[in-house]
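Heads up, the thing below is written out as structure tokens.
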Amino acid sequence: MTSTTITGYDQVAALPEPKGRAGFGGALRSEWTKIRSVRSTVWTLGTAILLTVGISALGNWGRANHSGATTAQLAHEDLIQRSMFGIILGQLVMVVFGALAITSEYSTGMIRTSLSVQPRRMHPFWAKLLVISALAFVVGEVISFASFLIDSSFWRGKGVALSLSSPHAMQAVIGGGLYLAGSAILAFGLGAMLRHTAGAITSGVGLLFVVTILASFLPDNWQNHVNKWLPFNAGGQVWATQHVPGSDLGAWTGFGVFMIYGAVAVVFGALLFKKRDA
Amino acid sequence: MIEVRDLVKRYGDTTAVDHLSFTVEPGRITGFLGPNGAGKSTTMRLILGLDRPTSGSSLIDGKPYRDLPDPLRYVGALLEARAVHPGRTAFNHLLYLAQTQGVPKSRVNEVLALVGLDTVAKKRTKGFSLGMGQRLGIAAALLGDPKLLILDEPVNGLDPEGIVWIRNLMKTLAAEGRTIFVSSHLMNEMAVTADHVVVIGRGKLIADTDIEDFISQFSQHVVLVRTPQPEELTRAVTALGGEVTARSDGALMVSGAEAPKIGEAAARDGIVLHELSPQRASLEEAFMELTKADVEFHAPDGQWAVQPPGQPPTPVQDAVSGSLAAKALGGDDVR
């Protein structure tokens, strides 16, 4: 494979004199090329869709058709949130997607190529964050809408009328996608801080999943103060339609708290990305 | 032009680059020589703004690297380690680089053809050989048609044909007035490529000189002579002003006298010669001599051992038994 024809440099046309600066627009195009040209993007996002929509459908079909709950009882439950419960697993795949987007640059050494052509490092950093957030948001909305539309049909069969015009349904279904995008953003910030794939994924899963489980072992009167501030519990309010006053934050307050976790990770990540040796 | 001024880079207690100053001029190939671990790659990373210097500065045509408006079109860089995502195709690797500063897509195909990778452009780089990876790196460096090239060990992994090609390419680019700064740990490679050399060892500047001066300064002329009459020859050569050292196999090594003069003197005195051959101490040996004190790791008796500066080489066995002894005596890593 290595013995290939060799041509002289005079056969390559000179480029016109450069004009303008390497800036944010170029960085955005470049980051879009990066994310669409690796298989891990298709794998992670494809898995997130199949896993979340699939698990949600299976669980809702089972409960709608094979449980003793009466229609009157079901009408009091948050079936809209239940229709998207696969997000509990989907968020973990989004963590992998968000983390890999930046840690793969470090694990392959590609970061040095990227930063040597973009020495003003904040351009590739924010461009990458924007590209992965947009992609995670679109895929997240596909997941939450598909889950809701499929699963609400199971509940309609059981006699519970559910549609996007049900109270708070629109907020919760859009919120499902927002929450998934937020998970990817949090993992991206952790990835920028840790520069290590396994470390970023572990800490992302830890924050979203393990911390929530550990907190359930706290004494009840502590839990009332602690639980609502945990990332999963706070962010989870945005894809729910029922909130317990006192022990839950509201939908958008909760989501705001969730995004503060992400913002802190991203800001620390950005500072380190800018300062550290590549 | 690249100006490096009093550059220092420390990593903890280790000083990788130690008050280094030199200038790389346009229109010629400047070789950057030093044994492995001398700080060549670190210096290049500092010039490219990838690492922050502890102190000092480096400037590209008077500007810090990060102030260049479009670095890709001004400086082309090839870094030592293959800095490529293995799952991405060669074409897409170059495309994302081109897009950062508006280099047209057609240029990606041009440079791929130039380095002979056009047939594998749509292949993932995972399957690339070392040489192909190196060619892709060179393609990336040429993508922006840069005025200045910084190449870290570009011939690494290239086949002989590829080595000749990169050598000619660098000469063509230098002749066009571009600045070429190329590192190598191989003196012989630089002797046939570079016009000027900057030599470093342990992060310090050892030499910054014209290649011709460097070669003549560091290679000595010696003549090997075999004769059944060593005493007579030694006398005759000493009379010519030469110096003779006997080798263990009986050959005489003569320095300070040219082979024709030695032959003429032998004929005049009726001394029988079995062999008379001029030896040129290899440039590689001269380079090793020059940097001997600055090499981080020596290989005494063919084994690797860490050698602190200014101490005789430590054989590996001693180092191992030394640490075993330390453990037996309750050293700090035991408990």
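Mind computing the radius of gyration and Dmax over the alpha-carbon atoms of the protein assembly as shown? Å is fine for both.
Using the Cα atoms of the protein assembly as shown, the pair Rg, Dmax is 33.5, 126 Å.
Within the range B:43-86, name every residue whose backbone N is under 16 Å away from a label modeled 7 Å from Cα of B:MET1 along the Cβ vector.
Correct set: B:58-65.
What is the antiparallel percent of DSSP beta bridges lying wholly in the protein assembly as shown, to the nearest 5?
65
Of the candidates A:ALA263, A:ALA181, A:ALA172, which one comes out as most mobile in a Gaussian network treatment of chain A with C-alpha springs shorter than 10 Å?
Answer for the Gaussian network model of chain A: A:ALA263.
At 7 Å along Cα-to-Cβ for each site, give me the label-to-label distance between B:LYS261 and B:ALA175 in nm.
3.9
Determine by what factor the alpha-carbon radius of gyration of the range B:33-75 differs from 2.2 N^0.38 Å, reporting the quotient.
Scaled against compact globular proteins, the figure is 1.25.
Compute a Gaussian network model of chain A, connecting alpha carbons closer than 10 Å, and tell me which residue from A:VAL96, A:VAL12, A:VAL264 fluctuates the most.
Maximum among the listed residues: A:VAL12.
Other chains' Cβ within 10 Å of A:33-39 residues: what's the mean? Walk me through the intermediate numbers first.
Details: counts 9, 8, 1, 2, 10, 7, 3.
That average works out to 6.
Run down the lysines and flag those whose C-alpha is under 16 Å from the C-alpha of B:LYS292, throwing out any fewer than 8 positions away in its chain.
Here the lysines satisfying the reach criterion relative to B:LYS292 are B:LYS204.
With unit charges on the beta carbons (Lys and Arg positive, Asp and Glu negative) and the dipole taken about the Cα centre of the protein assembly as shown, which residue among B:SER129, A:ILE80, A:ALA14 sits farthest to the positive side?
Of the listed residues, the answer is A:ILE80.
Mind checking the dipole of the protein assembly as shown: about its Cα centre, +1 per Lys or Arg Cβ, -1 per Asp or Glu Cβ, Debye to the nearest 20?
On the way: 53 positive and 52 negative charges, 575 e Å.
Computed charge dipole of the protein assembly as shown: roughly 2760 debye.
Taking every Cα atom in the range B:55-183, find the radius of gyration and the maximum pairwise distance Dmax, and write them in Å.
Rg then Dmax for the range B:55-183, in Å: 14.4, 46.
For the cross-link pairs A:LYS34/B:LYS122; A:LYS19/B:LYS171; A:LYS19/B:LYS147; B:LYS105/B:LYS171; A:LYS128/A:LYS274; B:LYS147/B:LYS171, which exceed 19 Å when the distance is taken from alpha carbon to alpha carbon?
Details: A:LYS34/B:LYS122 15 Å; A:LYS19/B:LYS171 27 Å; A:LYS19/B:LYS147 15 Å; B:LYS105/B:LYS171 27 Å; A:LYS128/A:LYS274 14 Å; B:LYS147/B:LYS171 14 Å.
In this structure, A:LYS19/B:LYS171; B:LYS105/B:LYS171 exceed 19 Å between Cα atoms.
Once you order the gyration tensor axes a ≥ b ≥ c over the Cα atoms, which shape class does the range B:14-128 get: rounded for a/c under 1.5, otherwise prolate or oblate by comparing a/b with b/c? If you can, show how the numbers build up before the last one.
Values: a/c = 2.16, a/b = 1.68, b/c = 1.28.
Note, shape of the range B:14-128 comes out prolate.
Dividing the alpha-carbon radius of gyration of the range B:120-171 by 2.2 N^0.38 Å (N being the number of residues), what value is obtained?
Working it through for the range B:120-171, the quotient is 1.15.
Could you derive backbone 3J(HN,Hα) for the range B:128-140 from the dihedral phi with the Karplus parameters 6.51, -1.76 and 1.60 (θ = phi - 60°), listing whole Hz in sequence and x where the residue is Gly or Pro?
Once rounded to whole Hz, the list reads 6, 6, 4, x, 5, x, 5, 5, 5, x, 5, 4, 4.
Where the centroid of each part is defined by its Cα atoms, how far is the range B:12-86 from the range A:172-233 in Å?
Taking the Cα centre of each part, the range B:12-86 and the range A:172-233 sit 41 Å apart.
In a Gaussian network model over chain A where Cα atoms closer than 10 Å are linked, find which of A:PHE97, A:PHE217, A:PHE148 has the largest mean-square fluctuation.
In this elastic network of chain A, the residue with the biggest mean-square fluctuation among A:PHE97, A:PHE217, A:PHE148 is A:PHE217.
So if R0 is 35 Å, what FRET efficiency would A:GLN242 and B:LYS126 give, r being the distance between their Cβ atoms, rounded to the nearest 0.05?
About 0.10, to the nearest 0.05.
Chain A: D in µm²/s via Stokes-Einstein (Kirkwood Rh, Cα pairs, 10 °C, 1.306 mPa s)?
D, rounded to a whole number, is 77 µm²/s.
List the residues whose amide H sits under 5 Å from the amide H of B:VAL17, counting only those 5 or more places along or on another chain, with H placed 1.01 Å from N in the peptide plane.
B:LYS9
Which whole-number percent is the relative contact order of the range B:109-241 (Cα, under 8 Å, 6+ apart)?
Rounded, it is 15 percent for the range B:109-241.
Could you tell me what % of all Cα pairs in the range A:230-276 have separations over 18 Å? Walk me through the numbers on the way to the answer.
On the way: 408 of 1081 pairs.
The share of Cα pairs beyond 18 Å in the range A:230-276 comes to 38 percent.
Calculate the spin-label point distance for A:ASP220 paired with B:HIS274, positioning each point 7 Å from the Cα along the beta-carbon direction, and give it in nanometres.
According to this spin-label approximation, the distance is 10.5 nm.
Would you please report the Å³ per residue occupied by the convex hull of the alpha carbon atoms in the range A:54-100?
Output value, Cα hull per residue: 61 Å³.
What FRET efficiency do you get for A:LEU149 and A:ARG21 if R0 is 35 Å and r is their Cβ-Cβ distance, rounded to the nearest 0.05? Let's see the in-between values first.
Numbers: r = 46 Å, r/R0 = 1.32.
Here the calculated transfer efficiency is 0.15.
Sequence-distant or interchain residues sharing an amide H contact under 5 Å with B:GLN279, placed H: which?
B:VAL222, B:VAL223, B:LEU224
What percent does the relative contact order of the range B:1-135 come to when contacts are Cα pairs within less than 8 Å and at least six residues apart?
Reported relative contact order: 20 percent.
Ranked highest first by the average count of other Cβ atoms within 10 Å around their residues, in what order do A:226-239, B:15-28 fall? Show your work: numbers first, answer last.
Values: A:226-239: 21.9, B:15-28: 18.0.
Highest to lowest by the protection proxy: A:226-239, B:15-28.
In cubic angstrom, how much convex hull volume per residue do the alpha carbon atoms of the range B:169-274 span? List each step's numbers first, then the result.
Numbers: hull volume 17.3 nm³, N = 106.
Taking the convex hull of the Cα positions in the range B:169-274, it is 163 Å³ per residue.
Could you grab the relative contact order for the range B:113-187? Cα pairs under 8 Å, six or more apart, rounded to a whole percent.
In percent, rounded to a whole number, it is 33.
Could you line up B:SER183, B:SER216, B:SER41 from fewest to most neighbouring Cβ atoms inside 10 Å?
B:SER216, B:SER41, B:SER183
For the range A:251-260, what does the Karplus curve 6.51 cos²θ - 1.76 cosθ + 1.60, with θ = phi - 60°, yield as ³J(HN,Hα) per residue in whole Hz, taken in order and with x for Gly and Pro?
Per residue, the Karplus-derived 3J(HN,Hα) values read 3, 7, 5, x, 5, x, 4, 4, 6, 5 Hz.
Report, by chain and number, residues whose modeled amide H sits under 5 Å from the one on B:ASP208, excluding near sequence neighbours (fewer than 5 apart, same chain).
So B:ASP208 has HN proximity to B:VAL199.
Would you mind computing Rg(Cα) / (2.2 N^0.38 Å) for the range A:136-175, counting N as its residues?
On the way: Rg = 10.6 Å, N = 40, 2.2 N^0.38 = 8.9 Å.
Working it through for the range A:136-175, the quotient is 1.18.
Any chance you could list P(r) for the range A:160-234, counting all Cα-Cα pairs in 10 angstrom bins from zero, rounded to whole %?
17, 33, 31, 16, 2
Tell me the Kirkwood radius of the range A:119-278: reciprocal of the mean inverse pair distance over distinct alpha-carbon atoms, in Å. Mind showing how you got there, number by number?
On the way: mean 1/r = 0.0584 Å⁻¹.
17.1 Å is the Kirkwood radius here.
Per q in 0.16, 0.25, 0.28, 0.31 Å⁻¹, report the Debye log10 I(q)/I(0) for the range B:1-59, using one uniform scatterer on each alpha carbon and no solvent.
So the normalised log intensities are -0.46, -1.09, -1.30, -1.46.
Give a quick list of chymotrypsin sites (Phe, Trp or Tyr not before Pro) in the range B:92-174 that DSSP marks as loop, anything other than H, G, I, E or B, with at most 16 other Cβ atoms within 10 Å.
Within the range B:92-174, no chymotrypsin sites (Phe, Trp or Tyr not before Pro) qualify (loop, at most 16 other Cβ atoms within 10 Å).
Taking every residue in B:110-117, how many Cβ atoms of other protein chains lie within 10 Å of its Cβ, on average? Walk me through the intermediate numbers first.
Numbers: counts 5, 2, 0, 5, 6, 4, 6, 2.
For this peptide, the per-residue mean of nearby foreign Cβ atoms is 4.
Values quoted throughout were computed directly from the atomic coordinates according to the rules given, and no laboratory measurement underlies them. Quick caveat: nothing in here was measured; it's all calculated off a predicted structure. In this analysis, Cβ positions are derived from the backbone assuming ideal geometry, glycine residues included, and neighbour counts consider all displayed protein chains.
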